Amino acid sequence: MKTKGLRVGDWVEVRSKAEILGTLDADGRLDGMPFMPEMFAFCGQRFQVYKRAHKTCDTVFPIRGRRVDRAMHLETRCDGSAHGGCQAGCLVFWKEAWLKPVSVSDPGPRDAASATTVCSEANVQARAQVADAHGGPPTYVCQATRLPYATTRLEWWDLRQYVEDYWSGNVGLWRIICGAVFSAYHHVNQAGLGVGPAMEWLYDRFHGIWRGTTYPWKAGVIPEGQPTPGATLDLQPGELVRVKSHDEILRTLTVNRENRGMKWDAELVPYCGETYRVLKRVTRIIDEKTGKMMEMKNPCIVLDSVVCEARYSRCRMFCPRGIYSFWREIWLERVTDSAPHSSGARGRGLGLPLSERGTR
């Protein structure tokens with residue numbers, strides 16, 4: 001596991017288009033990681049490192065943690081313009097070869113680019129989607145769909161990843177300690193010893209000691225197979241909303257924590273009771289498993305600065321991928337501009353893995 005290099009908060013400059021093209025193969029990839037057309041817009045700009053992307057969560061195959069070699073997350077998200085208008089807003093992966101520290105005068109691959117380039121901007125554009133042989137919708141290719149092939153195996157018990165989390169500045173020491181305690185507690189609770197309700201009650205009584213939430217993996221109250229309630233608020237970007245309490249939301253979920261096909265995830269619980277601005281309404285996203293565009297029957301809401309922080313996630317603790325959380329309108333309530341709000345207090349612009357996002 002890499003233990004030196006760029007850290008959270010360091011300033012970097014995205015290399016020029018020519019420099020980056022000089023690092024790519026004929027498929028527009030470096031070490032299997034695609035450079036997407038949407039990323040050209042950031043060339044030549046300077047950003048601070050948001051997170052060191054030394055690991056990530058693979059949502060193509062059964063959800064698992066994966067190691068990423070020499071990559072960073074900046075404050076840059078895909079706008080979906082080359083991928084059918086996908087609204088997932090994924091945090092972009094930047095390979096270190098595509099960046100340079102602003103304090104370093106480094107020509108990088110510039111000198112050799114003209115002689116060794118095997119990829120053009122047209123190649124990058126063309127590889128973003130594959131036409132269907134039968135005239136159907138195209139299959140989209142992006143960093144999210146290719147993650148399993150641009151990463152390597154990472155077991156949850158590999159302690160080096162947590163050292164890297166701390167050293168890089170991705171996660172503070174107290175968060176790591178709290179995560180370890182919760183993980184141990186949760187695994188005992190799930191061990192089938194018949195003490196689950198008592199352990200959840202105990203957790204709820206003492207969670208304030210470590211400034212945490214109530215037990216985040218509680219089941220909903222609606223029997224499986226029964227209809228779940230909905231709400232239509234017609235929320236628009238810029239409006240203020242309050243996330244309802246965890247108990248209120250549990251009353252809208254099945255025992256499998258679903259509402260009209262969308263999974264409620266433990267990573268959403270820390271945002272309960274807080275107030276945020278609506279960032280956008282989401283109606284279409286790419287299914288990472290198939291590369292096909294999915295149209296949502298019921299639009300979902302993305303809130304500004306509300307992302308998955310992987311503090312309660314199984315086998316992918318502290319994943320820095322920062323996926324936007326998706327919200328049903330019934331989990332939110334509109335508030336006035338005069339109300340105090342906490343947008344941005346917990347994290348910046350993730351959410352649920354796509355396999356747990358609602359598509360209906």
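The values are calculated or read from the model by the stated rules, or taken from the named source; none is laboratory data. Remember, predicted model here, so these are calculated numbers, not experimental data. Note: ideal-geometry Cβ built from the backbone for every residue, glycine included; neighbour counts use all protein chains shown. The area values use the complete protein model at the heavy-atom level, side chains included, leaving out ligands, DNA and RNA. Shrake-Rupley method; radii C 1.70, N 1.55, O 1.52, S 1.80 Å.
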- Query: If you go through the range 124-136 one residue at a time, do you hit one that is under 23 Å from the mean Cα position of the chain (by Cα), in a helix (DSSP H, G or I) and not hydrophobic (A, V, I, L, M, F, W, C)?
  - Reply: no
- Please work out which residue is farthest from Gly28 (Cα to Cα), limiting yourself to the range 39-84 and to residues that are open to solvent by 30 Å² or more (accessible area, probe 1.4 Å) and small (Gly, Ala, Ser). Gly44
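Sort through Trp201, Trp217 and tell me the only one that's among the aromatic types (Phe, Trp, Tyr) and under 20 Å from Arg316 (Cβ atoms). Break it down into steps so the answer makes sense when it comes.
On the way: Trp201 fails: under 20 Å from Arg316 (Cβ atoms).
Going through Trp201, Trp217 in turn, the sole match is Trp217.
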- Being touching a helix residue (DSSP H, G or I) at 6+ places or on another chain (Cβ under 7 Å) and modelled with pLDDT under 95, is that true of even one residue in the range 328-345? no
- Are there any pairs with C-beta distances below 6 angstrom linking a residue in the range 34-51 that is at pLDDT 95 or above to a residue that is aromatic (Phe, Trp, Tyr) and not in a strand (DSSP E or B), with the two at least 6 apart or on different chains, and if so which? none
- Item | Output for the range 146-160, where each listed residue is under 19 Å from the mean Cα position of the chain (by Cα), under 20 Å from Ala310 (Cα atoms) and not in a loop (DSSP other than H, G, I, E, B) | Leu147, Pro148, Thr152, Arg153
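Provide a single number: the residues in the range 79-115 that are part of a loop (DSSP other than H, G, I, E, B) and either at pLDDT 95 or above or within 18 Å of Ala144 (Cα to Cα) (or both).
Keep residues of the range 79-115 that are part of a loop (DSSP other than H, G, I, E, B), which gives 79-90, 102-109.
Those still in the list that are either at pLDDT 95 or above or within 18 Å of Ala144 (Cα to Cα) (or both) too: 79-90.
The total comes to 12.
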- Task: For the range 82-92, state whether one or more residues are in contact with a strand residue (DSSP E or B) (Cβ under 7 Å, 6 or more places away or on another chain) and within 17 Å of Leu6 (Cα to Cα).
- Result: yes
- Message: Just to be sure before I move on: is Glu19 in a helix (DSSP H, G or I) and more than 20 Å from Val141 (Cβ to Cβ) in the structure I sent?
- Response: yes
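Scan the range 290-338 for residues that are of a type in the set (Val, Ile, Thr), in a loop (DSSP other than H, G, I, E, B) and surrounded by 18 or more Cβ atoms within 10 Å (Cβ to Cβ) and jot them down.
Quick first cut of the range 290-338, residues of a type in the set (Val, Ile, Thr) only: 290, 301-302, 306-307, 323, 330, 335-336.
Filter once more, keeping what is in a loop (DSSP other than H, G, I, E, B): 290, 306, 323, 335-336.
Once the filter is applied, which keeps residues that are of a type in the set (Val, Ile, Thr), in a loop (DSSP other than H, G, I, E, B) and surrounded by 18 or more Cβ atoms within 10 Å (Cβ to Cβ), the range 290-338 yields Val306, Ile323.
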- In the range 201-212, which residues are modelled with pLDDT of 90 or more and either closer than 17 Å to Arg311 by Cβ or in contact with a Ser or Thr (Cβ under 7 Å, 6 or more places away or on another chain) (or both)? Tyr203, Asp204
- Kindly indicate whether Asp31 is over 21 Å from Arg153 (Cβ atoms) and surrounded by fewer than 19 Cβ atoms within 10 Å (Cβ to Cβ). no
- Message: Just the residues that are closer than 14 Å to Gln87 by Cα and either of a type in the set (D, E, K, R) or open to solvent by 50 Å² or more (accessible area, probe 1.4 Å) (or both), please, taken from the range 271-282.
- Response: Leu279, Lys280, Arg281
